[in-house]
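Have a look at the structure below, then the notes.
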Amino acid sequence: MTLTYMQDIYQLKKKVKILEEEFVIQDDPVPPVKDKSTVTSNDIEPIHDILKSQVLSLYSQGLTLDQIARQSSLTKEQTLSVIEQQRLRGE
């Protein structure tokens, strides 16, 4: 019984050591998150083509802008922009 107990403890200590190595806590502070209200047009990253395709697909399925924005992780304004760009292209 004692040998089994010691083997279990050894295995647990090994697993804890591995987890500690994977989740090393850095001393650097986490950079502050930008508030959405302070984002300027220079801060906005371009929307990837795959994400645009997803937005257009969801739109063609009849989802609302809010639903599409939620599922694609875009703002409602970005979602509307993708749809409007597609309309202007006439596709």
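I'd like to verify a number: residues in region 19-44 that are loosely packed, with under 10 Cβ neighbours inside 10 Å and modelled with pLDDT of 70 or more, how many? Of the residues in that region, 3 qualify.
Note on region 70-84: residues that are out of contact with any helix residue (DSSP H, G or I) (no Cβ under 8 Å at 6 or more places or on another chain), surrounded by 13 or more Cβ atoms within 10 Å (Cβ to Cβ) and farther than 13 Å from residue 46 by Cα total 1.
The values are calculated or read from the model by the stated rules, or taken from the named source; none is laboratory data. Remember, predicted model here, so these are calculated numbers, not experimental data. Don't worry about glycine lacking a Cβ; one is built from the backbone with ideal geometry, like all the others, and counts go over all protein chains shown.
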